[in-house]
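One structure below.
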Amino acid sequence: MKFKFSRAFLYTILGLVIVFYAVPLLVIVTTSLKTNTQAMTKDFQWFPNPVTFEQFKIVLDRFPFERWILNSIIVTVGSVLLILIVSLPAGYAFARMEFRGKNFLFGLSLMTIMLPFFAYIPQLYLLFLQLKLINTYTALMIPLATSGVSIFLFRQFIIQIPKDLDEAALIDGCTNWQIFYRIILPLTKPAIISVIIFSVIRSWNSLMWPLIAASNDKVKTLPVGLAVNVFAATTGVVRPQPYGVIMAAALLSILLPVFVFLILQRYFVQGIATTGLK
Amino acid sequence: MRITGVKTQGAFWFLAPYFFLFFIFFLLPALTIIPMSFTRWNILSDPVFVGIENYLRMFEDKWFWKAVFNTFYYTILVTIQLVSLGLLLAILLNQPLKGRVVGRVLIIMPFVISSAAAGVVWKWMYNQNFGIINSYLRQLSLPTMGFLTDVNQAMPSLVFMNAWWSVGFNTIIFLAALQGIPEELYQAAKVDGANGWQIFRHITVPLLRPIILYATVLCAANSFQMFDEAYMMTQGGPVGSTVTLVYKTYNTAFEAFRFGDAAALSVVTMTFILIMTFFQFRFSGRESFESL
């Protein structure tokens, strides 16, 4: 009897949890399909009546939404490539090579994890201003690549790969570059997938730095467009849109990440789990 | 010896790409912000050296202390919430229940949703007149709540939104750790007559200790830099009740164009982070590092 009670209890809790995590998503969907009058009723109604796609049309007509999506894709792909290019070789060097000042340099790269760029953002802005890089894609990519998190993950991963293979290759006369490229890189795939997943999420969703460094519509990314132009978070600068339009824009902005997440769900879970465990 | 000799030569080129970015875009700005904090500067004219004036004004400003308080208040609340809720959800999802896959997908999904999208939907749900939460409170004849407009409720409301938005990460790392605990341990405890709470207290928690510590450190470090939620949902209001250090730095630099004052705020924020990092290493550093 006790067993049965606790099963029922667990199912109740699970049900409540599912409802709690589903409600905000359902609210986005249903609000975006309602007319303005129906969205602004005091009693929340779950079903749009009538169903209208007017709000989506307004979003795509009034805002360069496709441009924002394109910008977000460019910045995300670019920053992920940059992160991999700078941190894979460094992770390999810290895991496999012997050189003077190794621990010191590794410690320096760990400093970036403790001190993220939010901490010195005014000076970072001025630096990019002096380099004439404000309102460029480059400005949005670089700060994401200074974090040593991926170096740390790659080092931890490569250090566990048995040394027999690369030592044999070394005796056969392979250079370090060949060992890195031919032997280590293919074996590092799980860690690379984790790093790609995290970097994509971080880059696609980052708000504060693009807000500062990319105010121009030519390079504006999706979160900034949603926050500043559609939602008008900074009150008084632009007129806020009705909530139906805002939810339609929010829905359009999360479609791609949610879709990718649902397809690659298994890798997401593994990726997160690898960062938490060895 | 030959092997290490060969390996030493090429290291420079493996490290050069990263350290090029590191020196120019991390070390340079992180260090030069210190001299900047001794100037008055609106970036249109030249900076004027003013000594420690910015710091004196900052320490006399009650809104600065409010921001310090808010930052710690938020960090502590969010960390406690995300670690404990993450653990509870992981334990729930670790039970052999039908539908737990649906639960898992829904719990992690918000992790891929931007702060901008999460911010707008929660602002809408928290809305005093038309929001879904107040709509149900009204139907239950309860008083409506000014989640984001009440001085005392605004910060807890931002914290609560994170229970939806960012608990997924912790849930997954805890779940992975739980699945790593051998089933025999639980069986043995059950044979010895241990109840659910005793198993949780004496088996689960001690074995998860390193991962709990890791999640706590990570949560605290992330939430100390909170900006997005305040920017999206409250703009620091009402009456400065959700202004955090990073939000204040942003406002001072990019809304008021007082870069000297913003730099002083940055230096204080960095000092806080460094002090916390020091204590973390001093008291739990090795343990939390080994778990990484």
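Things to note:
- Building the convex hull from the alpha-carbon atoms of chain A and averaging its projection over directions returns 22.0 nm².
- Longest segment of chain A lacking chymotrypsin sites (Phe, Trp or Tyr not before Pro) that sit in a DSSP loop with at most 15 other Cβ atoms within 10 Å: A:54-278
- Paramagnetic reach from A:LEU26 in region B:135-150 [backbone N under 14 Å; point 7 Å along Cα→Cβ]: B:136
- Loop-located GluC sites (Glu not before Pro) in region A:14-109 whose Cβ has at most 14 other Cβ within 10 Å (DSSP): A:GLU98
- Restraint check, A:LYS102/A:LYS189; A:LYS57/A:LYS218; A:LYS218/B:LYS62; A:LYS42/B:LYS62; A:LYS220/B:LYS248, Cα-Cα greater than 30 Å: A:LYS218/B:LYS62; A:LYS42/B:LYS62
- A:THR35 paired with A:LYS189, simple spin-label distance in nm, labels 7 Å along Cα-to-beta-carbon: 5.5
- What the phi angles of region A:138-144 give under the Karplus curve with 6.51, -1.76 and 1.60, with θ = phi - 60°, is a coupling list of 3, 4, 7, 8, 4, x, 5 Hz, glycine and proline written as x.
- For region A:118-172, the list of trypsin sites (Lys or Arg not before Pro) that fall in a loop by DSSP and count at most 13 other C-beta atoms within 10 angstrom reads A:LYS132, A:LYS163.
- Region B:140-199-region A:150-195 distance, computed between alpha-carbon centres (Å): 38
- Average beta carbon contacts from partner chains per residue of A:170-180, 10 Å cutoff: 2
- Shape category assigned to the protein assembly as shown from the gyration tensor of Cα positions, a/c cut at 1.5: oblate
- Normalised by the number of residues in chain A, the mean separation of alpha-carbon contacts (under 8 Å, six or more apart) gives a relative contact order of 28 percent.
- For the protein assembly as shown, calculated [θ]222 nm from helices alone, where every DSSP H run of n ≥ 4 adds -39500 (n - 2.57): -21000 deg cm²/dmol
- Note on B:ILE76 and B:ARG57: their simple-model spin labels are 3.1 nm apart, each label 7 Å out from Cα toward Cβ.
- A Förster radius of 30 Å, combined with the Cβ-Cβ distance separating B:ASP46 from A:GLU66, puts the computed FRET efficiency at roughly 0.10.
- Principal axis box of region A:51-104, alpha-carbon based, largest edge first, Å: 65, 20, 15
- Here region B:52-290 is assigned +1 on the Cβ of each Lys and Arg and -1 on the Cβ of each Asp and Glu. Its dipole about the Cα centre then comes out at about 380 debye.
- Cα gyration tensor category, rounded, prolate or oblate, for region A:2-52 with a/c compared to 1.5: prolate
- If the segment from A:TYR181 to A:ILE159 were pulled out straight at 0.36 nm per residue, it would be longer than the present Cα-Cα gap by 6.4 nm.
- Column: log10 I(q)/I(0), Debye, Cα scatterers of chain B, q = 0.13, 0.14 Å⁻¹: -1.09, -1.18
- On the beta carbon distance between B:ILE199 and B:VAL239, with R0 = 56 Å, the FRET formula returns roughly 0.75.
- The alpha-carbon positions of region B:152-256 define a convex hull whose volume is 114 Å³ per residue.
Read the figures in this text as sums done on the coordinates, not as results from a lab. In this text, all values refer to a predicted model and were calculated from it rather than measured experimentally. Backbone-built Cβ (ideal geometry, glycine too); neighbour counts: all protein chains shown.
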